[in-house]
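To keep things clear, I will list the structure first and then write my remarks on it.
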Amino acid sequence: MTAIEITEETFERDVVERSRDVPVIVDFWAAWCGPCQALGPVLEREVESRSGAVELAKIDVDANPALSAQHGIQGIPAVKGFKDGRIVAEFVGVRSPTGVAIFVDELLAPPRIEGALEELRARDDRPEILQALEAGHHETALGLILEAIRNAPPPEREQLRDLAVAIFDQLGRDDAVTVAYRRRLAAALY
């Protein structure tokens, strides 16, 4: 499978919408960029080795300046991983083949919230948080987590912090609840 060349006209369909079915790695690059030329084949090999579990899209920054601006591209190569219509991982610059493999593996890994919920169910010590999360009430769950952190011993504080971070990952970094509660979490912890 080869990389899909993306334009401003095809971005929404071939990246955003497609990422709702399969993760899409977007490589922002330029023909004159030596590091881009080095990274491209590494990305292609890693995507190819995943047998269709992830797709690769390439955006020529010179030919698509509006997309570059929209995604805040200030240096290339810039790589962004899309899942469920949004960016969930990214890096700028060249990475080693091992670094690229780790990036792809993390993009394909189950959401952190799944493991966090399993752990919460196994511990069975915060049923109100579990109930809120299972009902999709993220803001309520985060409020309960912050309340619990205040009196929790250090190891439990760390578990609660990890749970909050898993919720943030699920919601996305730009989600209003994530933005508001990330600050509150930092204040509660430090």
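The values are calculated or read from the model by the stated rules, or taken from the named source; none is laboratory data. From a predicted model like this one, the values you see are computed outputs, not experimental measurements. Heads up, the Cβs are rebuilt from the backbone with ideal geometry, glycines too, and the neighbour counts pull from every protein chain shown.
Some points to look at:
- Scanning segment 47-68 for residues that are touching a residue at least 40 places away in the same chain (Cβ under 8 Å) and among the polar types (S, T, N, Q) returns ASN64, SER68.
- Residue within segment 84-103 that is in a loop (DSSP other than H, G, I, E, B), in the same structural domain as ASP169 (by TED's automatic domain parsing) and surrounded by fewer than 18 Cβ atoms within 10 Å (Cβ to Cβ) present: no
- Applying the condition of being among the small types (Gly, Ala, Ser) and touching a residue at least 12 places away in the same chain (Cβ under 8 Å) to segment 19-46 and asking which residue is nearest to THR7 (Cα to Cα) yields ALA30.
- Residues that are closer than 13 Å to PHE28 by Cβ and of a type in the set (A, V, I, L, M), drawn from segment 73-93: ILE73, ILE76, ALA78, VAL79, ILE87, VAL92
Per-residue answers, yes or no, for (1) closer than 20 Å to GLU118 by Cβ; (2) of a type in the set (Ser, Thr, Tyr); (3) surrounded by fewer than 16 Cβ atoms within 10 Å (Cβ to Cβ):
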| position | (1), (2), (3) |
| --- | --- |
| LEU146 | no, no, no |
| ARG150 | no, no, yes |
| PRO153 | no, no, yes |
| GLN159 | yes, no, no |
| ALA164 | yes, no, no |
| ASP174 | no, no, yes |
| LEU185 | no, no, no |
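- Unmet criterion (only one of (1) under 17 Å from THR2 (Cβ atoms); (2) assigned to a loop (DSSP other than H, G, I, E, B)) for GLN74: (1)
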